[in-house]
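Asker: Attaching a single structure in structure tokens format; questions to follow.
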Ligand code: SF4
């Protein structure tokens, strides 16, 4: 396809998408700021954080336009150079490179490939150190900054760590008020919870701790509803933020991420617009919300559909399930993570076998089609005995209720107690999945995520900024798993070049902990 026809296709797609959006915001306004998402429209429009920042910048008079990764650049494995596409904003159909300031939200490690494709495809110098006075200033933030944003530093002029509702507008005002590119970046970099990216080749500022948004900016909620989002036609709102629990593998755990902030029931209800027919209650620990049942009942009684993120098996009650069923639920999904009682205890995941069995019975009684349980293999200390226990329990649950198990492979994250723990290994993870598959004898549906991509995620999560350079090489080599592994092996790196947030605090408390936490990375073939 020629570039010209690619351009008219892209414009037609953008217009069709705009026509299907419902919002109370005025979208057609000029803006010098673009908010970019390194995954396609469908994914970005389901991100509550992205939607919230977009809304706040517009409400506060700064104005911003959205830009997404063109759909054809989504596959991780994609020959380089990628097919040519214009990278245009949804609101103004303007090239991304024409905006003075670009904010990028990165949700998780593997989106780095999308970020590389987006910038190179848009003709913006990829590395911060290579941008000049006429190039956009690039701010990077998003959920990934809660664990290890090191790999983002080569691409960022400015990094914003943690919740950015107050910081992004403040940083943009600093940038707009200063004279000259460097002065502007330095002024914004003086704000708390921000740091300057690698604008000087080889110099990395210490990573800041993640920010916490002021209570008066909560709840986060959608700006735009669209049938094309992954969460199609759902208005998202966050009735609580964070989690008070302490699962040792989780970046959102209370003691590092600041705990759970509960909003009165009226606050999320007050922001739901008349046009919202389905409401998604989103948050790290929504089912720990004391008034969740009441909130769901209220929404259902007002004639709306309801979706709830992250249900806990030990919090399901008959009334709650009845309302979820009235609210349009067909499958109830709960998380177990640890695959045996012993592993759940070791991970501080306070879900017991009896909770899962009782949940299955309740789900069956209320006529749901299916129960889905999230499992995570490969956490430290897991053995075949744990795998066999999972098989036994899954078969028992399947005798009560139709069951699907989803599997991820454990990835150690910075800023958690399991940071530095090794990755299980791709072959080992595949063998473990195979043992489970054989044991379940087709009586339970299995949906495993690829252990190969978990391995890449692990390397990106554990390395310092060199991971950003390895990612560029991997994307240019075609983005397949083998390309990533070769790229990491060919990239020199210093393990633990940067410390992060509570790692510093941990070290102060425990003296020699830094050594223990510096578990060497696996040698790559
Ligand atoms: S896994 Fe869930 S319950 Fe555990 S700390 Fe994370 S968000 Fe909280």
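The values are calculated or read from the model by the stated rules, or taken from the named source; none is laboratory data. A quick note: this is a predicted structure, and the numbers were derived from the prediction, not measured. FYI the Cβ positions are ideal-geometry reconstructions off the backbone, even for glycines, and counts take in every protein chain you see.
Asker: If you take the residues in the range 90-107 that are part of a loop (DSSP other than H, G, I, E, B) and under 26 Å from residue 151 (Cα atoms), which one is nearest to the chain's Cα centre (by Cα)?
Answerer: At the first step, the residues of the range 90-107 found to be part of a loop (DSSP other than H, G, I, E, B) are 90-94, 99-100, 106-107.
Applying the additional criterion that residues be under 26 Å from residue 151 (Cα atoms) yields 99-100, 106-107.
Numbers: 99: 25, 100: 26, 106: 7, 107: 3 Å.
Across the range 90-107, the extreme among qualifying residues is 107.
Asker: I would also like to ask the following. Does at least one position in the range 168-181 carry a residue that is over 24 Å from residue 55 (Cα atoms) and not in a loop (DSSP other than H, G, I, E, B)?
Answerer: yes
Asker: Going through the range 286-301 one residue at a time, which ones are within 16 Å of the ligand (Cβ to nearest atom) and buried (at least 17 other Cβ atoms within 10 Å of the Cβ)?
Answerer: Start the filter on the range 286-301 by keeping residues that are within 16 Å of the ligand (Cβ to nearest atom), which leaves 286-290, 292.
286, 287, 288, 289, 292, listed by residue number.
Asker: Of the residues 18, 66, which single one is surrounded by 14 or more Cβ atoms within 10 Å (Cβ to Cβ), in a helix (DSSP H, G or I) and touching a residue at least 12 places away in the same chain (Cβ under 8 Å)? Break it down stepwise before answering.
Answerer: Numbers: 66 fails: in a helix (DSSP H, G or I).
Criteria check complete, one pass: 18.
Asker: Going through the range 327-364 one residue at a time, which ones are more than 23 Å from residue 433 (Cα to Cα), touching a helix residue (DSSP H, G or I) at 6+ places or on another chain (Cβ under 7 Å) and either within 16 Å of the ligand (Cβ to nearest atom) or free of Cβ contacts under 8 Å to residues at least 24 places away in the same chain (or both)?
Answerer: Selection gives 355, 359.
Asker: Turning to a different aspect of this structure: Would you confirm, using the coordinates I've provided, whether residue 78 is touching a residue at least 60 places away in the same chain (Cβ under 8 Å), surrounded by fewer than 23 Cβ atoms within 10 Å (Cβ to Cβ), under 14 Å from residue 168 (Cβ atoms) and under 24 Å from the mean Cα position of the chain (by Cα)?
Answerer: Working: touching a residue at least 60 places away in the same chain (Cβ under 8 Å): yes; surrounded by fewer than 23 Cβ atoms within 10 Å (Cβ to Cβ): yes; under 14 Å from residue 168 (Cβ atoms): no; under 24 Å from the mean Cα position of the chain (by Cα): yes.
The answer is no for residue 78.
Asker: Let me ask something additional. Out of (1) more than 21 Å from residue 138 (Cα to Cα); (2) in contact with a helix residue (DSSP H, G or I) (Cβ under 9 Å, 6 or more places away or on another chain), the odd one out for residue 105 is which?
Answerer: Just one mismatch for residue 105, condition (1).
Asker: Give all pairs with beta carbons closer than 8 Å in which a residue from the range 100-123 that is at positive phi meets a residue that is at pLDDT 95 or above; count only pairs at least 6 apart in sequence or on separate chains.
Answerer: Listed pairs, sorted by first residue: 123/95; 123/97.
Asker: Would you call residue 313 farther than 17 Å from residue 248 by Cα and either at pLDDT below 95 or within 13 Å of the ligand (Cβ to nearest atom) (or both)? Lay out the reasoning, then the answer.
Answerer: Details: farther than 17 Å from residue 248 by Cα: yes; either at pLDDT below 95 or within 13 Å of the ligand (Cβ to nearest atom) (or both): yes.
Against the criterion (farther than 17 Å from residue 248 by Cα and either at pLDDT below 95 or within 13 Å of the ligand (Cβ to nearest atom) (or both)), residue 313 qualifies.
Asker: Also, I was wondering about something else. I'm trying to understand the selection: among the residues of the range 378-390, which are exposed (fewer than 15 other Cβ atoms within 10 Å of the Cβ) and either touching a residue at least 60 places away in the same chain (Cβ under 8 Å) or part of a loop (DSSP other than H, G, I, E, B) (or both)? Spell out the reasoning first.
Answerer: Restricting attention to the range 378-390, the residues satisfying the condition of being exposed (fewer than 15 other Cβ atoms within 10 Å of the Cβ) are 381, 383-385.
Passing the criteria: 381, 383.
Asker: Keeping to the range 234-268, report how many residues are within 16 Å of the chain's Cα centre (by Cα) and within 12 Å of the ligand (Cβ to nearest atom).
Answerer: Residues in the range 234-268 being within 16 Å of the chain's Cα centre (by Cα) and within 12 Å of the ligand (Cβ to nearest atom): 9 in total.
Asker: Please indicate, with yes or no, whether at least one residue in the range 365-377 is within 14 Å of the ligand (Cβ to nearest atom), assigned to a loop (DSSP other than H, G, I, E, B), touching a strand residue (DSSP E or B) at 6+ places or on another chain (Cβ under 7 Å) and free of Cβ contacts under 8 Å to residues at least 40 places away in the same chain.
Answerer: Checked against the condition, which is being within 14 Å of the ligand (Cβ to nearest atom), assigned to a loop (DSSP other than H, G, I, E, B), touching a strand residue (DSSP E or B) at 6+ places or on another chain (Cβ under 7 Å) and free of Cβ contacts under 8 Å to residues at least 40 places away in the same chain, the range 365-377 yields no hits at all.
This table checks each residue for (1) buried (at least 16 other Cβ atoms within 10 Å of the Cβ); (2) assigned to a loop (DSSP other than H, G, I, E, B); (3) at pLDDT 95 or above; (4) within 16 Å of the ligand (Cβ to nearest atom).
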{"site": "202", "(1), (2), (3), (4)": "no, yes, no, no"}
{"site": "209", "(1), (2), (3), (4)": "yes, yes, no, no"}
{"site": "219", "(1), (2), (3), (4)": "yes, yes, yes, no"}
{"site": "232", "(1), (2), (3), (4)": "no, yes, no, no"}
{"site": "284", "(1), (2), (3), (4)": "yes, yes, no, yes"}
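Asker: Still on this model: Please enumerate the residues belonging to the range 81-93 that are crowded, with 16+ Cβ neighbours inside 10 Å and in contact (Cβ under 8 Å) with a residue 40 or more places away in the chain. Walk me through how you get there before you give the answer.
Answerer: Step one: filter the range 81-93 for residues crowded, with 16+ Cβ neighbours inside 10 Å, giving 82, 85-92.
85, 86, 88, 89, 90, 91, 92, listed by residue number.
Asker: For residue 61, all conditions in the list (1) surrounded by fewer than 20 Cβ atoms within 10 Å (Cβ to Cβ); (2) assigned to a loop (DSSP other than H, G, I, E, B); (3) touching a helix residue (DSSP H, G or I) at 6+ places or on another chain (Cβ under 9 Å) hold save one; what is the number of the exception?
Answerer: (3)
Asker: Can you confirm whether residue 357 is at pLDDT 95 or above, surrounded by fewer than 17 Cβ atoms within 10 Å (Cβ to Cβ) and assigned to a helix (DSSP H, G or I)? If you could, list the steps in order and put the result at the bottom.
Answerer: Details: at pLDDT 95 or above: yes; surrounded by fewer than 17 Cβ atoms within 10 Å (Cβ to Cβ): yes; assigned to a helix (DSSP H, G or I): yes.
Yes: the conditions hold for residue 357.
Asker: Now, a different point. Could you run through the range 391-431 and say how many residues are within 17 Å of residue 357 (Cα to Cα) and in a loop (DSSP other than H, G, I, E, B)?
Answerer: Adding up the residues that qualify gives 4.
Asker: Sticking with this structure for a sec: Taking the stated definitions as given, is residue 318 more than 25 Å from the chain's Cα centre (by Cα), more than 16 Å from the ligand (Cβ to nearest atom) and either outside the structural domain of residue 251 (by TED's automatic domain parsing) or closer than 16 Å to residue 363 by Cβ (or both)? So that I can check it myself, show each step before the final result.
Answerer: Numbers: more than 25 Å from the chain's Cα centre (by Cα): yes; more than 16 Å from the ligand (Cβ to nearest atom): yes; either outside the structural domain of residue 251 (by TED's automatic domain parsing) or closer than 16 Å to residue 363 by Cβ (or both): yes.
So residue 318 passes the test.
Asker: Further question on the same structure: List the number of the failed condition for residue 304; all other conditions in (1) in the same structural domain as residue 266 (by TED's automatic domain parsing); (2) within 16 Å of the ligand (Cβ to nearest atom); (3) surrounded by 15 or more Cβ atoms within 10 Å (Cβ to Cβ) hold.
Answerer: Among (1) in the same structural domain as residue 266 (by TED's automatic domain parsing); (2) within 16 Å of the ligand (Cβ to nearest atom); (3) surrounded by 15 or more Cβ atoms within 10 Å (Cβ to Cβ), residue 304 violates only (2).
Asker: List the residue pairs whose Cβ atoms are under 7 Å apart, where the first residue sits in the range 234-246 and is farther than 22 Å from residue 417 by Cβ, the second is in a loop (DSSP other than H, G, I, E, B) and within 8 Å of the ligand (Cβ to nearest atom), and the two are 6 or more positions apart or on different chains.
Answerer: Note: pairs meeting the criteria are 240/285.
Asker: Output the residues belonging to the range 260-282 that are part of a loop (DSSP other than H, G, I, E, B) and in contact with a strand residue (DSSP E or B) (Cβ under 8 Å, 6 or more places away or on another chain).
Answerer: Just the residues of the range 260-282 that are part of a loop (DSSP other than H, G, I, E, B), to begin with: 260, 263-265, 272-277, 282.
Those that are part of a loop (DSSP other than H, G, I, E, B) and in contact with a strand residue (DSSP E or B) (Cβ under 8 Å, 6 or more places away or on another chain): 260, 263, 272, 273, 275, 276, 277, 282.
Asker: Give the range 269-282 a look and list any residue that's touching a residue at least 12 places away in the same chain (Cβ under 8 Å) and either within 14 Å of the ligand (Cβ to nearest atom) or more than 19 Å from residue 229 (Cβ to Cβ) (or both), or say none. Break it down stepwise before answering.
Answerer: Taking the range 269-282 as the starting set, the residues that turn out to be touching a residue at least 12 places away in the same chain (Cβ under 8 Å) are 269, 271-273, 275-282.
269, 282, listed by residue number.
Asker: Right, next: Taking residue 25, is it surrounded by 17 or more Cβ atoms within 10 Å (Cβ to Cβ) and assigned to a loop (DSSP other than H, G, I, E, B)? Walk me through it before giving the result.
Answerer: Values: surrounded by 17 or more Cβ atoms within 10 Å (Cβ to Cβ): no; assigned to a loop (DSSP other than H, G, I, E, B): yes.
When the stated conditions are applied, residue 25 does not pass them.
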